[in-house]
């Protein structure tokens with residue numbers, strides 16, 4: 001398949017990342033089928049995706065009038081003529097397997113399947129896609145602030161498909177970085193999660209306060225936000241889920257202790273910026289004050 005042949009994209013999952021990927025595809029002139037099993041989630045996701053289009057058009061220097069159509073649907077059969085698939089559903093291998101098995105029977109044979117998974121490896125679900133040679137991970141970050149995307153094939157991915165996925169990323173204004181082999185957390189996330197784990201360990205061991213851990217990072221690295229502020233932006237529920245998942249998978253006692261330390265925030269609904277409170281209160285978190293790093 002040539003890059004020019006990709007004209008219609010299926011986005012599976014209308015959450016935050018599905019919205020962003022769908023919007024950036026539309027901004028670059030592709031028609032987008034935005035699919036979700038939940039009608040309520042789809043309604044909200046589609047509205048946010050539409051709002052993102054003019055914002056991303058400005059960021060990417062595109063004419064919003066040339067954007068492709070966004071077709072929200074709960075009907076999987078709308079995918080019968082798509083050329084490219086991007087999946088962004090919760091990090092549950094069995095759920096992803098079920099979804100790809102379903103859409104393999106609906107999408108045309110030419111369609112390329114990709115997953116935006118943040119913690120799984122494509123080889124873990126490749127066989128269930130029904131087209132493992134046409135399947136790879138294409139992992140996006142926040143498309144409003146960075147254009148870096150990870151392209152991670154598995155051993156069974158066709159080299160031609162890997163090239164096409166990279167070309168597709170460039171077509172929608174992204175900068176593909178290619179992994180030579182599968183790696184949990186890709187490139188940036190692998191480094192980033194180690195930073196968050198270090199911050200959580202310092203806090204769990206009562207080495208320093210949340211504020212002083214952030215203050216240390218911000219003061220030395222000259223960043224506007226520290227690791228705990230970043231966790232508030234990501235969502236403490238997401239950080240907890242990933243911390244617990246990898247702690248169990250690697251039998252990491254410190255990781256489990258870190259997950260337990262996060263648990264009261266999750267059960268208490270203090271998930272970060274999206275709920276108005278996490279490690280800090282929003283809007284106007286403490287770390288945003290000019291005096292924060294000085295500790296005054």
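Using only alpha carbon pairs under 8 Å that are at least six residues apart, calculate the relative contact order of region 64-190 and give it in whole percent.
Values: 191 pairs, mean separation 25.4, N = 127.
Answer for region 64-190 is 20 percent.
Rounded, prolate or oblate, given the Cα gyration tensor of region 146-185, with a/c below 1.5 counting as rounded?
Oblate is the answer for region 146-185, as a/c is 1.5 or above yet b/c matches or exceeds a/b.
For each of 35, 287, 60, count neighbouring Cβ atoms within 10 Å of the residue's Cβ, then give the residues from fewest to most.
Result, fewest neighbours first: 60, 287, 35.
Among rounded, prolate and oblate, which fits region 125-213 when a ≥ b ≥ c are the square roots of the eigenvalues of its C-alpha gyration tensor, a/c under 1.5 means rounded, and a/b larger than b/c means prolate?
Prolate shape, in that a/c is at least 1.5 and a/b is the bigger ratio.
Taking the Cα centroid of region 222-239 and of region 20-37, what is the distance between the two, rounded to the nearest whole Å?
Here the two parts' Cα centres lie 27 Å apart.
Pairs of Cα atoms under 8 Å, at least six residues apart: use those to get the relative contact order of region 188-288, whole percent.
In percent, rounded to a whole number, it is 26.
Provide, for q = 0.14, 0.18, 0.20, 0.24 Å⁻¹, the log10 of I(q)/I(0) from a solvent-free Debye sum over equal Cα point scatterers in region 1-80.
-0.41, -0.66, -0.79, -1.07
Suppose a student asked you for the relative contact order of the chain, using Cα pairs under 8 Å spaced at least 6 residues apart; what percent would you report?
Reported relative contact order: 12 percent.
Considering only DSSP beta bridges whose two residues both sit in region 3-178, what percent are antiparallel, to the nearest 5?
Of those bridges, close to 15 percent are antiparallel.
GNM on the chain, C-alpha springs below 10 Å: top fluctuator among 12, 21, 210?
210
Please determine, in degrees from 0 to 90 and to the nearest 10, the orientation of helix 210-221 with respect to the longest principal axis defined by the Cα atoms of the chain, where the helix direction is its Cα long axis.
Once rounded, the angle reads 70 degrees.
Could you quote the convex hull projected area for region 188-288, Cα atoms only and averaged over all directions, in nm²?
Directional mean of the projected Cα hull area for region 188-288 stands at 6.1 nm².
Can you work out the base-10 log of I(q)/I(0) for region 3-178 at q = 0.18 1/Å, using the Debye formula on its C-alpha atoms alone?
One equal scatterer on each Cα of region 3-178 leads to -1.14.
Quickly estimate the mean residue ellipticity at 222 nm for the chain, helices only: each DSSP H run with n ≥ 4 gives -39500 (n - 2.57), and the total goes over all residues, rounded to 500.
-13500 deg cm²/dmol
Give the angle, between 0 and 90 degrees and rounded to the nearest 10, that separates the Cα long axis of helix 39-60 from the longest principal axis of the Cα atoms of the chain.
On a 0 to 90 degree scale, this one is about 90.
Nearest 10 degrees, 0 to 90: what angle lies between the long axis of helix 253-267 and the longest principal axis of the chain (Cα atoms)?
90
Compute and list, largest first, the equivalent-ellipsoid semi-axes of region 46-148 from the alpha carbon gyration tensor, each √(5λ) rounded to a whole angstrom.
Rounded to whole Å, the semi-axes are 26, 17, 12.
Taking neighbour counts of Cβ atoms within 10 Å as a proxy for exposure, in what order, fewest first, do 83, 63 appear?
Fewest to most other Cβ atoms nearby, the residues stand as 63, 83.
The numbers here are math on the coordinates, done by the rules we state, and not lab data. Every value quoted in this text rests on a predicted model; they were computed, and no experiment measured them. Note: ideal-geometry Cβ built from the backbone for every residue, glycine included; neighbour counts use all protein chains shown.
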